[in-house]
Amino acid sequence: MKTNRLYRSLVAFVVVVAVSAVVVAAASARPAPETAPGDLLDPRTYAPDSRLYLVLHASGVQKYTCQANGTWLFTDPEATLYKTTGASKPVGTHFLNFSTGRPVWQWKGGSSVEAARTQTAPGGAGNIAWLLLQAVATSPGRLAQTTWIQRLNTTGGVAPAGTCTPGTTTAVPYTADYFFWREAG
């Protein structure tokens, strides 16, 4: 009987240790970069001490308006941001600051980062380009220390092919992953 209780206690202890190890590993897991130093779209190529700290998935639209010459002109993005781990619930938004013409990512608590494009690479047929952007303005909070943002893994978002009727607008669905970097330390 004592052996049976000892065995159960030992099993319970092992289970608690295993669960704790999984929780600690998940809590300390950092997002993994998808590019390497030296790559055109990797912040470490330009700022070697950069560290990836957050990855968000975006689902939204790329908006276009038809110009007088019958060609589409990109106007602005509009997307909801989601964490890539845990429950899939909205954590922020992505939009254009019309007064500066630069994209903004805003955390649900109000923290934001505005960035300017520095590098671009093709996203594949029918997909908007992959980008490297450098932060130009931040506000206090979760995104305050962002120095670089990558837009990778894009799907859709490209303007319709062919000519269009001037003044027409369209919103083309897209998804992307945004990788947020900051200086080490």
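Name every residue in the range 109-123 that is in a strand (DSSP E or B) and among the hydroxyl-bearing types (S, T, Y), in order of residue number. Selection gives S112, T118, T120. Restricting the search to strands (runs of 3 or more DSSP E) fully inside the range 35-100 and requiring at least 3 residues that are touching a helix residue (DSSP H, G or I) at 6+ places or on another chain (Cβ under 9 Å) and open to solvent by 50 Å² or more (accessible area, probe 1.4 Å) gives an empty result. If you go through the range 171-185 and keep only what is in contact with a strand residue (DSSP E or B) (Cβ under 8 Å, 6 or more places away or on another chain), closer than 22 Å to P48 by Cβ and surrounded by fewer than 21 Cβ atoms within 10 Å (Cβ to Cβ), you end up with E183, A184. For Q106, the requirement of being at pLDDT 95 or above, open to solvent by 60 Å² or more (accessible area, probe 1.4 Å), part of a strand (DSSP E or B) and not small (G, A, S) is met.
Of all the numbered requirements in (1) assigned to a strand (DSSP E or B); (2) modelled with pLDDT under 95, G185 misses one, and that requirement is (1). None of A176, A171, A144 is under 19 Å from P33 (Cα atoms) and touching a residue at least 24 places away in the same chain (Cβ under 8 Å) except A176. Restricting the range 139-170 to residues that are assigned to a loop (DSSP other than H, G, I, E, B) and among the aliphatic types (A, V, I, L, M), the residue that is most open to solvent (accessible area, probe 1.4 Å) is A161.
The values are calculated or read from the model by the stated rules, or taken from the named source; none is laboratory data. Please read these numbers as outputs of a predicted model, since none were measured by experiment. Glycine also receives a Cβ, built like all others from the backbone with ideal geometry; neighbour counts cover every protein chain displayed. Areas reflect the complete protein model, heavy atoms only, side chains present, ligands, DNA and RNA absent. Shrake-Rupley method; radii C 1.70, N 1.55, O 1.52, S 1.80 Å.
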